[in-house]
1. Could you say which residue among Ser59, Ser22 is in a loop (DSSP other than H, G, I, E, B), of a type in the set (Ser, Thr, Tyr) and closer than 16 Å to Asp79 by Cα?
2. Tell me which strands (runs of 3 or more DSSP E) are completely within the range 87-174 and hold 1 or more residues being surrounded by 12 or more Cβ atoms within 10 Å (Cβ to Cβ) and among the small types (Gly, Ala, Ser), or say none if there are none.
3. Taking the range 25-45 as the region of interest, how many residues are modelled with pLDDT of 95 or more, open to solvent by less than 50 Å² (accessible area, probe 1.4 Å) and among the acidic types (Asp, Glu)?
4. Among all residue pairs at least 6 apart or on different chains, which show Cβ distances below 8 Å where the first residue, located in the range 73-88, is in contact (Cβ under 8 Å) with a residue 60 or more places away in the chain and the second is surrounded by 24 or more Cβ atoms within 10 Å (Cβ to Cβ)?
5. Taking the range 80-125 only, how many residues are charged (D, E, K, R) and either at positive phi or at pLDDT below 85 (or both)?
6. List, please: which pairs have Cβ atoms under 7 Å, are six or more places apart or on different chains, and start with a residue in the range 145-174 that is closer than 15 Å to Thr118 by Cβ and end with one that is of a type in the set (D, E, K, R) and assigned to a strand (DSSP E or B)?
7. Just to verify a result, which residue in the range 47-56, among those that are outside any strand (DSSP E or B) and open to solvent by 40 Å² or more (accessible area, probe 1.4 Å), is nearest to Gln30 (Cα to Cα)?
8. Just checking, how many residues over the range 59-78 are more than 19 Å from Gly133 (Cβ to Cβ), open to solvent by 10 Å² or more (accessible area, probe 1.4 Å) and not aromatic (Phe, Trp, Tyr)?
Amino acid sequence: RSDLATGECLHTVAGYDSLVWSLDFSPDGQQLATGSDDHTIKFWDVATGQCLNTIQEHSHLVWSVQFSPDGQTLASISDDQTLKLWDTTTGQPLRTLNTYSNAILSVAMSPRGDWLATSSKDQVIRLWNLSTGESKLLPKQSSLVTCVAFDAAGEWLISGSVESTVAVWDINSE
């Protein structure tokens, strides 16, 4: 399609009256998940722009959403200090992880879907083993960690902070 060359938008999804903070494509590219200021997560059909499902389980804004590599699970984090995992087919909650003392700012799922990383306003990076549900805290950072991501192989976790620093963590040594 020539929309990038012309700047023409293919279509717009409508259904929000407030700010959209995050979005993620499903691995097959058929769905889009969004998180918003209105405390909702919405699933959209990419081809039509139609809303497929709305989840209203968070009590504060949804900072970030991310699909698992197999597309069966969606992780969401919120200003309500919770990390929630959802079944993407039914929209039902699978697990709520709320061992946080502050708002969670970012979430990343490893490429194999075995680890989940989060950063929170208390300068903590937490690494979750999704098969056991157990978590590890990485050493407290000296400033606010605004983002986390895994490399394509799932061996490294990268974090960025407001101190303009990027830290690289070896997941296999953790």
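The values are calculated or read from the model by the stated rules, or taken from the named source; none is laboratory data. What you see is a predicted model, and the numbers here were worked out from it, not measured in a lab. Don't worry about glycine lacking a Cβ; one is built from the backbone with ideal geometry, like all the others, and counts go over all protein chains shown. Ligands, DNA and RNA are stripped out before the accessible areas are found, and what is left, the full protein with its side chains, is counted by its heavy atoms. Shrake-Rupley method; radii C 1.70, N 1.55, O 1.52, S 1.80 Å.
1. Matching residue, one of Ser59, Ser22: Ser59.
2. Of the strands (runs of 3 or more DSSP E) lying wholly inside the range 87-174, those with at least 1 residues that are surrounded by 12 or more Cβ atoms within 10 Å (Cβ to Cβ) and among the small types (Gly, Ala, Ser) span 104-109, 115-120, 135-137, 145-150, 156-161, 166-170.
3. Going through the range 25-45 one residue at a time, the tally reaches 0.
4. Thr88/Ala33; Thr88/Leu74
5. Looking only at that region, the number is 2.
6. Filtered contacts from the range 145-174: Glu174/Lys136.
7. In this case the residue turns out to be Ala47.
8. So the count comes out to 5.
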